[in-house]
Amino acid sequence: MELDRETLNKLVHTAVEARGKAYAPYSGFSVGAAALGGSETVYSGSNVENASYGLTVCAERVAVFNAVANGERTIKAVAVCADGSTSPCGACLQVMAEFAPKEESMVIILCTPEGKYTESYLSDFLPWPFSL
Ligand code: THU
């Protein structure tokens, strides 16, 4: 799937802004994300840490769950913003796969806090997702 420039810019901008809202007092590693729903609405997410470390939730999952909780059932793209443009973790990739559009690939955008980005597909990161 091809994203138009305006949508791409909106996703990158939303992910960069969301990074500023991360709650990461334990790791000090702030991450922001933006999910493009099937309706073309963009939803943001930030990582939310906890004193009980294992309860931490990644920015990508917060963005995807935000989209789904607002009625979306497919996610066309996810942008992730972190220092050094990090790759999504395996758990987040599996969650993204759940909502990938059936006929086309989900676009993954990795971006830096300065707004530099790369575009690829979920299948590049997770070629064999689990499904029932
Ligand atoms: N984190 C994310 O939010 N997304 C990723 O793709 C990788 C890791 C968060 C979890 C934790 O709050 C911090 O980054 C360090 O692992």
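Worth a mention:
- Identity of the residue in the range 76-94, under 10 Å from the mean Cα position of the chain (by Cα) and hydrophobic (A, V, I, L, M, F, W, C), that ends up farthest from the ligand (Cβ to nearest atom): Ala77
- In this entry, Ser85 is excluded by the filter for residues that are closer than 16 Å to Leu3 by Cα, at pLDDT below 95 and surrounded by 14 or more Cβ atoms within 10 Å (Cβ to Cβ).
- The range 1-29 residues that are without any contact (Cβ under 8 Å) to a residue 60 or more places away in the chain and surrounded by 17 or more Cβ atoms within 10 Å (Cβ to Cβ), paired with ones that are of a type outside the set (Asp, Glu) and in a helix (DSSP H, G or I) (beta carbon under 8 Å, 6 or more apart): Ala22/Ala59
- Taking the range 13-50 as the range and being among the hydrophobic types (A, V, I, L, M, F, W, C) and within 16 Å of the ligand (Cβ to nearest atom) as the test, the residues that pass are Ala15, Val16, Ala18, Ala22, Ala24, Phe29, Val31, Ala33, Ala34, Ala35, Val48.
- Members of the range 30-40 found to be in contact with a strand residue (DSSP E or B) (Cβ under 9 Å, 6 or more places away or on another chain) and open to solvent by 20 Å² or more (accessible area, probe 1.4 Å), listed by number: Ser30, Gly38, Glu40
- Output for the range 47-64, where each listed residue is touching a strand residue (DSSP E or B) at 6+ places or on another chain (Cβ under 6 Å) and under 19 Å from Val12 (Cβ atoms): Ala59, Glu60, Val62, Ala63, Val64
The values are calculated or read from the model by the stated rules, or taken from the named source; none is laboratory data. Every value quoted in this text rests on a predicted model; they were computed, and no experiment measured them. Reconstructed Cβ throughout: ideal geometry from the backbone, glycine too, with neighbour counts over all protein chains shown. Heads up: the accessible areas ignore ligands, DNA and RNA and are worked out on the full protein's heavy atoms, side chains in. Shrake-Rupley method; radii C 1.70, N 1.55, O 1.52, S 1.80 Å.
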